[in-house]
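The values are calculated or read from the model by the stated rules, or taken from the named source; none is laboratory data. Quick caveat: nothing in here was measured; it's all calculated off a predicted structure. Note: ideal-geometry Cβ built from the backbone for every residue, glycine included; neighbour counts use all protein chains shown.
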Amino acid sequence: MIPFNKIYLTGKELEYIRQSHETGNLSGDGVFTHKASEWLENQTKTHKALITHSCTAALEMAALLAEIQAGDEVIMPSYTFVSTANAFVLRGGVPVFVDIRPDTLNIDETLIEAAITPRTKAIVPVHYAGVGCEMDTIMQIAKKYDLLVIEDAAQGIMATYKDRALGSIGHIGAYSFHETKNIISGEGGAILINDERFAERAEIIREKGTNRSQFYRGQVDKYTWQDVGSSYLPGEDVAAFLYAQLEKAKEITQKRLDIWNIYHEELEELEQKGDLRRPIIPAECQHNAHMYYVLLNSLDQRTELIKRFKKQDIHPVFHYIPLHSAPAGKQFARTHGELKHTDSLSERLLRLPLWVGLGQQQNEVLKVIGAKVATSFFLLSNTLDINMLRALNGVALI
Ligand SMILES: *Cc1c(COP(=O)(O)O)cnc(C)c1O
């Protein structure tokens, strides 16, 4: 059986949880929470990073910080996870869906301006598959119309746009550490406060509306109810697990990139034959191998390929049912313009198994799709350098 996803452990997770237990403090904002925040701040260069229960929680915090009121509009793609929209709907906001770009499947930045109305408050770009949206253009539009940009960078850790970390470019960013993402803590996430105007309030909202964080730092002598808020901070056991993963984020990303690159190499011929389309990465983006997907020519072709995979006990998965076509999407949101790429691409996309340790099983996946797998003999380990692999492949073909 080859599953779509398999969790990867660095080996330090349980040790760090034991250490956090030994401190006698398992509630939030202890030693490991601070280590994780500091790591994220150094890595992304954000003003302040706060870990949360999930990316969903981080997006809900963002909606509170943006002071979304009933009827306020938020521009986003329909091709995304429900939380991107729900976080704003919870505040009475109205998601306004625009179409995606056919190359990256990210929000089409050229369609945003026409979707802006006097009620528009924010733009929420989603970095699909860890590939950056066209952020310079999006930030220019936001500036011109005085809008906030909240990046749904759930899939974006360790990826960059023009050498800047995804999630660190808009006013606020959100990461996910759900077990299906690159860096995991079971459920988990983080909010990146890039615009320091929001830093103090973010701490208060995350701590049930109190200034407990200031109290811990000795800035005030008692803590009290200051503002609206909720409990968005995870316990130290989750932070300890997460920190073990963050420490190895570079290595994990490299291992995923090795697998991604093999898929990309081996499927080139099928793309040239017109059987499928591979992901397109713009030159200004460094992705993080969050996902390897193929785009088939039709829904029927995808259905047929999934059947062939199932016969071999391999489990690729398709992705979002566009939000505008879902019951709650029809109730709470509206669309701007036609969403033809969203509709067409979502029914032709298939995500292939990609997890650290996939190893030789990657060959089995490639064979089902119909790749010739010339390098199969040498796909002994995902740790093989892609250049070495190319060299070996060259030898093999002679
Ligand atoms: C995974 C994901 C989320 C939700 O993340 P959680 O941590 O599970 O709340 C939100 N948006 C996108 C684009 C995602 O991929």
- Odd one out for Glu203, checked against (1) over 16 Å from Pro77 (Cα atoms); (2) of a type outside the set (A, V, I, L, M); (3) within 16 Å of the ligand (Cβ to nearest atom): (3)
- Query: Hey, among Gly156, Gly132, which residue is surrounded by 24 or more Cβ atoms within 10 Å (Cβ to Cβ), in contact with a Cys (Cβ under 9 Å, 6 or more places away or on another chain), in a loop (DSSP other than H, G, I, E, B) and touching a residue at least 24 places away in the same chain (Cβ under 8 Å)?
  - Reply: Gly132
- Mind listing just one residue for me: the one in the stretch 37-74 that is within 16 Å of the ligand (Cβ to nearest atom) and under 23 Å from Asp163 (Cβ atoms) and, of those, surrounded by the most Cβ atoms within 10 Å (Cβ to Cβ)? Leu40
- Checking His264, His324 in turn, the sole residue that is surrounded by fewer than 18 Cβ atoms within 10 Å (Cβ to Cβ) and either under 30 Å from Asp72 (Cα atoms) or without any contact (Cβ under 8 Å) to a residue 40 or more places away in the chain (or both) turns out to be His264
- Out of the residues in the stretch 79-106 that are among the aliphatic types (A, V, I, L, M) and assigned to a loop (DSSP other than H, G, I, E, B), state the one that is nearest to Gly132 (Cα to Cα). Leu105
- Only one of these conditions is not met by Ile169: (1) free of Cβ contacts under 8 Å to residues at least 60 places away in the same chain; (2) in contact with a His (Cβ under 9 Å, 6 or more places away or on another chain); (3) closer than 17 Å to Thr46 by Cβ. Which number is it? (2)
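May I ask you to verify whether Ala239 is within 16 Å of the ligand (Cβ to nearest atom), part of a helix (DSSP H, G or I), of a type outside the set (Lys, Arg) and buried (at least 24 other Cβ atoms within 10 Å of the Cβ)? Full working, then the answer.
Working: within 16 Å of the ligand (Cβ to nearest atom): yes; part of a helix (DSSP H, G or I): yes; of a type outside the set (Lys, Arg): yes; buried (at least 24 other Cβ atoms within 10 Å of the Cβ): yes.
Against the criterion (within 16 Å of the ligand (Cβ to nearest atom), part of a helix (DSSP H, G or I), of a type outside the set (Lys, Arg) and buried (at least 24 other Cβ atoms within 10 Å of the Cβ)), Ala239 qualifies.
Looking at the stretch 137-168, which of its residues are on the phi > 0 side of the Ramachandran plot and charged (D, E, K, R)?
First pass over the stretch 137-168, keeping only residues on the phi > 0 side of the Ramachandran plot: 146, 158, 162-163, 167.
Hits for the stretch 137-168 are Asp146, Lys162, Asp163.
If the requirement is being within 12 Å of the ligand (Cβ to nearest atom) and among the β-branched types (Val, Ile, Thr), which of these qualifies: Thr84, Thr23?
Working: Thr23 fails: within 12 Å of the ligand (Cβ to nearest atom).
So the residue among Thr84, Thr23 that is within 12 Å of the ligand (Cβ to nearest atom) and among the β-branched types (Val, Ile, Thr) is Thr84.
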- Query: Would the stretch 93-114 turn up any residue that is more than 12 Å from the ligand (Cβ to nearest atom), within 26 Å of Ile204 (Cβ to Cβ), surrounded by fewer than 24 Cβ atoms within 10 Å (Cβ to Cβ) and modelled with pLDDT of 95 or more?
  - Reply: no
